[in-house]
Amino acid sequence: MSFLMKARFSGGMAESHQLPAYEGAQSLYGISRSALITLNYLAEGRVRRRDFSPRGFQINLIESRRGSFEAIFEIITNPGMMTIVGSLGAYASAEFVEKFLASTVRRSVGEAADPTIEELEAIDSLNTGDTSALVDAIEPAMRSAHTVINHGAGAIELLTQRAELAALNAATKQYVWSSIPDDEIHEKLLGIASYNANSREGRAFDYELGKTIPFSISRDADRTTVAEILKSITSYALRREGDTLRSSVAVRYTRVLSADDRVKKIKILKARHELLDLNN
């Protein structure tokens with residue numbers, strides 16, 4: 001199986017079919033490294049930041065095109081040799097690989113994942129501890145991918161024949177370059193979409209934002225907190241199937257913010273069934 005991924009640079013010098021050599025090369029490096037880390041996880045089932053030994057996939061830079069400035073990547077996969085993809089049965093396809101790659105990149109810039117990926121996480125077909133770690137692992141590469149933004153180009157679109165995988169611009173550049181701890185205590189009702197007990201990490205649906213956000217549970221949290229998180233997962237799964245069962249859980253948490261005050265991640269300190277119970 002194979003598909004083409006196009007990196008389309010627009011704005012600035014890119015409109016004249018050129019890029020500054022260093023900045024352009026750094027952006028192509030960041031894009032290709034983000035893809036390498038992500039596809040290596042699908043192949044090996046392990047999140048690596050170095051010492052890659054690609055098996056079951058190949059990433060080639062095959063050509064560049066004028067208008068504005070486009071670089072074309074060829075991504076070749078063999079699902080039978082890819083640990084994660086091969087375990088998903090009917091989902092083992094080039095389309096799934098595209099969606100997974102897009103979701104990892106989108107989450108790294110603060111956007112929502114593809115619904116298919118979130119559904120697979122909700123039913124534990126995808127390990128949320130791994131997918132959260134994967135987003136963290138590609139963050140340095142995604143910073144490199146943004147090098148040319150405001151330094152030769154205004155935006156980069158990552159496209160396949162099926163869809164736009166992600167859009168990188170000045171706003172996403174600001175997002176990936178900022179992580180500001182906010183130790184102020186917050187309380188809110190969230191729906192727990194997925195949770196990995198080994199890593200104590202997962203994703204929670206924020207009803208106000210309309211998307212899931214990554215979370216970790218504090219090592220100091222009590223057993224009741226973990227129990228309430230697990231209850232919410234079950235309720236959330238039933239709700240997705242049309243059940244009207246209330247799926248929210250009250251959480252007390254701190255945040256990590258981007259420079260524009262978007263929530264990048266939360267740390268859950270305490271969880272209870274109702275907000276009033278957080279004081280008990």
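The values are calculated or read from the model by the stated rules, or taken from the named source; none is laboratory data. Not measured: the values here are computed from a predicted model. In this analysis, Cβ positions are derived from the backbone assuming ideal geometry, glycine residues included, and neighbour counts consider all displayed protein chains.
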Any chance region 179-199 includes a residue that's out of contact with any Lys or Arg (no Cβ under 9 Å at 6 or more places or on another chain) and among the acidic types (Asp, Glu)?
-> no
Restricting region 70-126 to residues that are touching a strand residue (DSSP E or B) at 6+ places or on another chain (Cβ under 8 Å), part of a loop (DSSP other than H, G, I, E, B) and surrounded by fewer than 20 Cβ atoms within 10 Å (Cβ to Cβ), which is modelled with the lowest pLDDT?
-> Asp124
Matching option when the condition is in the same structural domain as Phe57 (by TED's automatic domain parsing) and without any contact (Cβ under 8 Å) to a residue 40 or more places away in the chain, among Glu111, Glu98, Glu139, Glu118 | Glu139
Quick one: which residue in Leu209, Leu190 is modelled with pLDDT under 95, aliphatic (A, V, I, L, M), not assigned by TED's automatic domain parsing to the domain that holds Glu70 and not in a loop (DSSP other than H, G, I, E, B)?
-> Leu190
Which one of the conditions (1) modelled with pLDDT of 85 or more; (2) not in a helix (DSSP H, G or I) does Ser64 fail to meet, given that it meets all the rest?
-> (1)
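Among the residues of region 220-236, is there at least one that is at pLDDT below 85, of a type in the set (A, V, I, L, M) and assigned to a helix (DSSP H, G or I)?
yes
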Quick one: is Ala14 over 21 Å from the mean Cα position of the chain (by Cα) and surrounded by 20 or more Cβ atoms within 10 Å (Cβ to Cβ)?
-> yes
Taking region 237-280 as the search range and keeping residues that are loosely packed, with under 15 Cβ neighbours inside 10 Å and polar (S, T, N, Q), which one is modelled with the lowest pLDDT?
-> Thr244
Considering Leu189, Leu168, which residue is closer than 20 Å to Tyr29 by Cβ and among the aliphatic types (A, V, I, L, M)?
-> Leu168
Residue check, Glu164 against (1) charged (D, E, K, R); (2) closer than 30 Å to Glu228 by Cβ; (3) not assigned by TED's automatic domain parsing to the domain that holds Leu230, all met but one. Which one?
-> (2)
Residue list for region 158-182, restricted to those being surrounded by fewer than 17 Cβ atoms within 10 Å (Cβ to Cβ) and charged (D, E, K, R) | Arg162, Glu164, Asp182
